[in-house]
Every structure is written in C-alpha cells, then in structure tokens.
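Please treat every number below as a calculation from the coordinates, not as lab data. All of these numbers come straight from a predicted model, not from anything done at the bench. Here Cβ is always computed from backbone atoms with ideal geometry, including for glycine, and neighbour counts include all displayed protein chains.
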Amino acid sequence: MPTGEIIPAGFDPDFDDRAWNDAWQHLPIAPIPPGRHPGGYRVERQTVRAIPIFDRVYQLSAPLDCRLLFDPDGRLWMSDTPQERIMMVNNGRRSRGHVLIGGLGLGLYPQYAVAGAAGQATAFTVIERSAVVCDIVAPTLTRALDAPLEIRLGDIAAFLAGTATTRFDTIFLDVWDTLDAAALPYVNALRDHALRHLTPEGRVLLWGYGWMLELFETACRQVLAVPPDARRGWLLAQAGDAPQAIPLLMPVIEHFADDPVEDEAPALAWCRRHALTLTAAPDGTSAYPTG
Ligand SMILES: C[S@@+](CC[C@H](N)C(=O)[O-])C[C@H]1O[C@@H](n2cnc3c(N)ncnc32)[C@H](O)[C@@H]1O
C-alpha cells in the first residue's frame, strides 16, 4: 500500500531532517545570554571546536559559540549545537506562512524558518509549557526575529486536541526529549491532531521523525532475523533495559508469526507503514494502530 493511502496530505513521512546542510554556518542565531535563572536553571556559553554530529565527530573549521541550558539538577536540557542547527534549518526550509510551534526551546527554529533566512515563514505562534523557558528565551528571540511572534504558556497537546479555530500554514512540533522509536505513538497522535489545524496546503513537521522511523525499522530488522518461534523470547530478553520496546514490537512479531521472513524488503516496508499508524492510547502508555 503506498504511504499516501494511510497518511493524509499535510505530512510527508519521507522527509528526514537529518539531511546534511551547511546553511546553518551562514545563518547566525541570536545567542541567549549566559546566566542563572529562578529555580536553579542556568544558561552556559561553550566554545566548541570538535563535536559529534549524528554519528561522527567533526572538526569545525572555526570555533563555534554555543549555548547550553541546564535544569536545576544540573542535567543538560537543551543546546544549540550543530546537530540541532542542521535539523532546525531543514525544518525551517520547509516552513512558510503562519507557523504554529510546539515547544519554544532555545528559539532556534523560528530564526531559520523566517522569510529571509532558510524558510518562508511570516508569523509565529508558539505554545511552550515552561514559564522558565519563556522567560529565558523570549526577550532574545523577540529582538532577533523580524516577524510577528506570539508566545503562549500552555500544553501543545491540549491545544491540538481542542477545536481548530485558527488554521496554520505550517505546524512544527518538537516537544519530545529524546529520539526513540517508542515515542512514535505519542508523536503520531500529536501529528493526527495537528493535521486538523492546517490550511488546505499546510504541512506538519515533526522533529527527528525520520530518525525515529529508522530506529523502529532497525529494531524490526533485528527481531525478524530471529527464527519465528524464538522471537518473543528474544524480545523479552533484549527488552530488559527498554521495556517500552515490547508493546512496540509485539505486533510485528504477531504479524509475522510463522513467517521466517526470507525477503526482508517487503517485510520492512510493512513495518514502516505500521509505524506510521501507531498512536498513543489516551494514557500514553500503550500503542495501537489507527488504520
Ligand atoms: C527540545 S526543545 C525545542 C527546541 C526548539 N525546536 C528550538 O528551536 O530551540 C523542547 C521544548 O518543548 C517544551 N515542551 C515540552 N513538552 C511540551 C508540551 N506538552 N507543550 C508545550 N511545550 C512543551 C519544552 O519545555 C522545551 O522548551
């Protein structure tokens, strides 16, 4: 079944925001001032010369001034390192018109999406859950962005689940902390709600979606390489540290029960389509296909 039959217009699951670009090197972003903030949050400046980008360490041609936001427990929460910038540029390039953003973060994406930078966005509405993030980032972003910007404190999931009033040309979502295939049901559920808020030509962009799909396909490839009657045991043994893999992969095992999967390509194509249709149950803990 072609992807288009299960995913409505407005979302391109083949878009992978890891595509290499060096546009980020020529598009300056406004740096958040380093400092300490209420509640124990802090922004630090770091100059990097060599840094991992996706799967390799790169030596940069010139030192890069980066910002790191740490939470009150001293954990790195967000950064504007090259990998982040590359992914945000790719999403920015696909953006136009009035954009709804789920998750302000360090405010990189709108600076790349705006018309005159990498994209064609003309106005931004941001929904951000953290008041601290708004306080830290909004002053810098408001000064830097040459476009109307409205930042609302709130939960993007609740907003998207509500009635569609304003229609957006682009909806960019980046509210999941890690790129993990187990996040796909939650991300897909957000996507399906977001599609209802688009203009007819609008599009939904999801940070890291191509990467998450690839992680899912890799996990499927591994489980399907095991003989059919040993797959359940293999999964349970492997999933010790990652129990979230069990509800994700059990439907794959069930679908290919008794099938040794001698031809991997069509099996993985089924897995990919399956991944596109998983959505989170209301409690966010289990997964079931929508199609
Ligand atoms: C990784 S950052 C986004 C980075 C951003 N794309 C940028 O350009 O810098 C994720 C942001 O989403 C916010 N967030 C997480 N869950 C949210 C939710 N349910 N609704 C709104 N914002 C949320 C976090 O507080 C954080 O600011």
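Over all distinct Cα-Cα pairs of the range 120-269, the Kirkwood formula returns a hydrodynamic radius of 18.2 Å.
Multiplying the sequence separation of ASP14 and HIS37 by 0.36 nm and subtracting their Cα-Cα distance, what value in nm do you get?
4.3 nm
For a paramagnetic label modelled on GLN83 (point 7 Å from Cα along Cα→Cβ), amide N atoms under 16 Å away belong, within the range 182-207, to 207. This model, with +1 at the C-beta of Lys and Arg and -1 at the C-beta of Asp and Glu, gives the chain a dipole about its Cα centre of some 960 debye.
If you take the C-alpha gyration tensor of the range 1-109, multiply each eigenvalue by 5 and take the square root, what semi-axes do you get, largest first, in whole Å?
On the way: eigenvalues 169, 71, 37 Å².
They are 29, 19, 14 Å, listed from largest to smallest.
On the principal axes of its alpha carbon atoms, the range 211-289 extends 36, 26, 22 Å, with the longest extent given first.
Stokes-Einstein diffusion for the range 83-207, with the hydrodynamic radius set to the Kirkwood value over Cα pairs and evaluated at 37 °C in a medium of 0.692 mPa s, equals 229 µm²/s. GNM, the chain, Cα, under 10 Å: largest mean-square fluctuation among ASN21, ASN188, ASN90? Ranking ASN21, ASN188, ASN90 by mean-square fluctuation puts ASN21 first. A P(r) calculated from all alpha carbon pairs of the range 190-242, with 5 Å bins opening at zero, reads 4, 15, 17, 15, 12, 10, 10, 9, 6, 2 percent. Note on the chain: Cα-only Rg and Dmax are 20.2, 61 Å.
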